[in-house]
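As structure tokens, the structure follows; a few thoughts come after it.
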Amino acid sequence: MPKLKTHKGVAKRVKVTKSGKIIRGQAFHGHLMTGKGGKRRRRLASRIEASYADCKRLARLLGMR
């Protein structure tokens with residue numbers, strides 16, 4: 001069985017913590033910031049843990065499982 005290759009597009013967008021959790025950035029923070037309040041912009045700037053439903057797929061793309 002050959003090794004799994006890391007999907008580079010996913011690798012640039014998510015990080016894996018020491019405990020194995022997958023951390024991603026939030027949507028709606030790319031542009032059009034003037035229409036959003038400061039509190040909302042600060043919240044969107046933070047990184048959050050990927051949902052359980054996505055973790056299996058992301059882990060496979062990253063070559064973890």
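A compact table of results
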read-out: Residue ID - nearest to residue 4 (Cα to Cα), chosen from residues in segment 30-61 that are open to solvent by 90 Å² or more (accessible area, probe 1.4 Å) and not in a helix (DSSP H, G or I); value: 49
read-out: Pair list, Cβ < 9 Å and 6+ apart or interchain, from segment 43-60 residues that are touching a residue at least 40 places away in the same chain (Cβ under 8 Å) to residues that are open to solvent by less than 60 Å² (accessible area, probe 1.4 Å) and in a helix (DSSP H, G or I); value: 58/10
read-out: Residue count, segment 1-11 (criterion: of a type outside the set (A, V, I, L, M) and open to solvent by 100 Å² or more (accessible area, probe 1.4 Å)); value: 4
read-out: Members of segment 17-29 found to be open to solvent by less than 90 Å² (accessible area, probe 1.4 Å) and closer than 13 Å to residue 48 by Cβ, listed by number; value: 17, 22, 23, 24, 25, 26, 27, 29
read-out: Filtered residue count, segment 17-29, keeping only those that are under 11 Å from the mean Cα position of the chain (by Cα) and over 30 Å from residue 2 (Cα atoms); value: 3
read-out: Conditions (1) open to solvent by 40 Å² or more (accessible area, probe 1.4 Å); (2) within 26 Å of residue 2 (Cα to Cα); (3) hydrophobic (A, V, I, L, M, F, W, C): number failed by residue 14; value: (1)
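The values are calculated or read from the model by the stated rules, or taken from the named source; none is laboratory data. Quick caveat, the model's predicted, so the values are computed rather than measured. Positions of Cβ are backbone-derived with ideal geometry, glycine not excepted, and every protein chain shown enters the neighbour counts. What goes into the accessible areas is simple: the full protein's heavy atoms, side chains included, and nothing from ligands, DNA or RNA. Shrake-Rupley method; radii C 1.70, N 1.55, O 1.52, S 1.80 Å.
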